[in-house]
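One structure below.
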Ligand SMILES: Cc1cc2nc3c(=O)[nH]c(=O)nc-3n(C[C@H](O)[C@H](O)[C@H](O)COP(=O)(O)OP(=O)(O)OC[C@H]3O[C@@H](n4cnc5c(N)ncnc54)[C@H](O)[C@@H]3O)c2cc1C
Ligand code: FES
């Protein structure tokens, strides 16, 4: 396929003598018109879309995300955030595209589900901070609920040293990775074989008992290998429970938030979340530029 991706906007650094902004706008992202290579259903209401975007694929890291907007008119007007599922490599191992897995919940995802090979999307990224290196080198637990499994495929490959991202060479960071993945019912479990092939041990839970453990995914954690670092992504009650679990055990925990966003690049402040401040108070942080991955101890769960 020829490279039809075309950079239309580049985030430039602030002018040298302009007053410094207290807010971080120094991100390096670009906006592309990305051709769709394929768009396939992988579970109930869940699809995997492959976008041809070599530059973005070469730069993006696990835990980062892209904003996606339709090129077909102005409804919906705003882009929506989607995690990197994984990068796509050519036969020589060069990144040429990205995969995104999406659950159809509203306007944009319903539109995405109608798109075919050759259609295009506006895509800007890479965005956000990505996952930090784990503490310890033995066992990491990844905990996902709902559509929160999507950031973890690339993360597993990076942790186990199967792939390097963002120009880095592959480097094994831990010996074992377990993915604890909770869904409402079996037909919503998406990508399980991808996670297993990537080398993770997968433990499933469902609300109706149709797959894996009947009950909450967080119940599963306590029954398995003690982990040295926990990462989570999913609905807020699950993340809150996970933060409590990690705190009781005294292990580090990083959570990727799925806060709705409008710009994805730090300008609109529509994505703020409360975080603790050193003086015992709290303040807002923008999930798009200060996250989406936060140390669980920094989050202020109720204000
Ligand atoms: C960093 C990040 C990464 C993400 N990664 C992924 C990912 O990999 N895959 C994925 O599927 N999602 C992901 N999300 C979530 C995704 O961005 C949202 O689900 C997005 O809003 C979907 O867009 P949409 O236009 O289809 O739905 P929207 O129209 O934005 O609707 C979102 C939700 O609001 C509800 N809603 C919409 N309109 C109304 C209304 N009028 N009244 C009541 N409820 C309403 C919908 O039912 C739906 O539950 C991520 C979010 C973040 C922040
Ligand atoms: S989405 Fe606009 S500031 Fe975060």
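For the range 257-272, give me the residue count where each residue is without any contact (Cβ under 8 Å) to a residue 12 or more places away in the chain and surrounded by 15 or more Cβ atoms within 10 Å (Cβ to Cβ).
1
Is it the case that the range 42-56 has a residue that's surrounded by fewer than 20 Cβ atoms within 10 Å (Cβ to Cβ), part of a loop (DSSP other than H, G, I, E, B) and either modelled with pLDDT under 95 or in contact with a helix residue (DSSP H, G or I) (Cβ under 9 Å, 6 or more places away or on another chain) (or both)?
Narrowing the range 42-56 to residues surrounded by fewer than 20 Cβ atoms within 10 Å (Cβ to Cβ): 42-45, 54-55.
Checking the rest, the ones that are also part of a loop (DSSP other than H, G, I, E, B) come to 44-45.
Still in the list and also either modelled with pLDDT under 95 or in contact with a helix residue (DSSP H, G or I) (Cβ under 9 Å, 6 or more places away or on another chain) (or both): 44-45.
Within the range 42-56 (the criterion being surrounded by fewer than 20 Cβ atoms within 10 Å (Cβ to Cβ), part of a loop (DSSP other than H, G, I, E, B) and either modelled with pLDDT under 95 or in contact with a helix residue (DSSP H, G or I) (Cβ under 9 Å, 6 or more places away or on another chain) (or both)), the answer is yes, since at least one residue qualifies.
For residue 139, are the conditions met, namely being out of contact with any helix residue (DSSP H, G or I) (no Cβ under 9 Å at 6 or more places or on another chain), touching a residue at least 12 places away in the same chain (Cβ under 8 Å) and farther than 21 Å from residue 65 by Cα? Quick ask: steps written out before the conclusion?
Working: out of contact with any helix residue (DSSP H, G or I) (no Cβ under 9 Å at 6 or more places or on another chain): yes; touching a residue at least 12 places away in the same chain (Cβ under 8 Å): yes; farther than 21 Å from residue 65 by Cα: yes.
It is true that residue 139 is out of contact with any helix residue (DSSP H, G or I) (no Cβ under 9 Å at 6 or more places or on another chain), touching a residue at least 12 places away in the same chain (Cβ under 8 Å) and farther than 21 Å from residue 65 by Cα.
Is it the case that some residue within the range 264-283 is in contact with a helix residue (DSSP H, G or I) (Cβ under 9 Å, 6 or more places away or on another chain) and more than 16 Å from ligand 2 (Cβ to nearest atom)?
yes
What about residue 254, is it part of a strand (DSSP E or B), crowded, with 20+ Cβ neighbours inside 10 Å and away from ligand 1 (no atom under 13 Å from the Cβ)? Show your work before the answer.
Numbers: part of a strand (DSSP E or B): yes; crowded, with 20+ Cβ neighbours inside 10 Å: yes; away from ligand 1 (no atom under 13 Å from the Cβ): yes.
For residue 254, the condition - part of a strand (DSSP E or B), crowded, with 20+ Cβ neighbours inside 10 Å and away from ligand 1 (no atom under 13 Å from the Cβ) - is met.
So which residues in the range 274-293 are within 13 Å of ligand 1 (Cβ to nearest atom) and farther than 17 Å from residue 237 by Cα, if there are any at all? Break it down into steps so the answer makes sense when it comes.
Step one: list which residues in the range 274-293 are within 13 Å of ligand 1 (Cβ to nearest atom), which gives 286-293.
Once the filter is applied, which keeps residues that are within 13 Å of ligand 1 (Cβ to nearest atom) and farther than 17 Å from residue 237 by Cα, the range 274-293 yields 286, 287, 288, 289, 290, 291.
Of 222, 200, which residue is more than 16 Å from ligand 2 (Cβ to nearest atom) and surrounded by fewer than 21 Cβ atoms within 10 Å (Cβ to Cβ)? Explain how you work it out, then say what you get.
Numbers: 200 fails: surrounded by fewer than 21 Cβ atoms within 10 Å (Cβ to Cβ).
After applying the criteria, what remains is 222.
Filter the range 65-114 for residues that are surrounded by fewer than 20 Cβ atoms within 10 Å (Cβ to Cβ), within 13 Å of ligand 1 (Cβ to nearest atom), more than 21 Å from residue 187 (Cβ to Cβ) and touching a residue at least 24 places away in the same chain (Cβ under 8 Å) and give the result.
69, 75, 76, 78, 107, 111 - these are the residues of the range 65-114 that are surrounded by fewer than 20 Cβ atoms within 10 Å (Cβ to Cβ), within 13 Å of ligand 1 (Cβ to nearest atom), more than 21 Å from residue 187 (Cβ to Cβ) and touching a residue at least 24 places away in the same chain (Cβ under 8 Å).
Which condition breaks for residue 248 when tested against (1) surrounded by 13 or more Cβ atoms within 10 Å (Cβ to Cβ); (2) away from ligand 2 (no atom under 14 Å from the Cβ); (3) within 25 Å of residue 155 (Cβ to Cβ)?
(1)
Across the range 257-273, what is the total count of residues that are more than 9 Å from ligand 1 (Cβ to nearest atom) and within 26 Å of residue 228 (Cα to Cα)?
Of all residues in the range 257-273, those more than 9 Å from ligand 1 (Cβ to nearest atom) come to 262-263, 265-270, 272-273.
Now narrow it down to the ones that are within 26 Å of residue 228 (Cα to Cα): none.
Result for the range 257-273: 0.
Looking at 275, 289, 230, which one is surrounded by 21 or more Cβ atoms within 10 Å (Cβ to Cβ), within 21 Å of the chain's Cα centre (by Cα) and more than 17 Å from residue 83 (Cβ to Cβ)?
Values: 275 fails: surrounded by 21 or more Cβ atoms within 10 Å (Cβ to Cβ); 289 fails: more than 17 Å from residue 83 (Cβ to Cβ).
Result: 230 is the single residue among 275, 289, 230 that is surrounded by 21 or more Cβ atoms within 10 Å (Cβ to Cβ), within 21 Å of the chain's Cα centre (by Cα) and more than 17 Å from residue 83 (Cβ to Cβ).
Would you confirm whether or not the range 216-238 contains a residue that is free of Cβ contacts under 8 Å to residues at least 12 places away in the same chain, assigned to a helix (DSSP H, G or I) and farther than 27 Å from residue 125 by Cα?
yes
The values are calculated or read from the model by the stated rules, or taken from the named source; none is laboratory data. The structure displayed is predicted, hence computed values, not measured ones. All Cβ positions, even for glycine, are placed from backbone atoms using ideal geometry, and neighbour counts span all protein chains on display.
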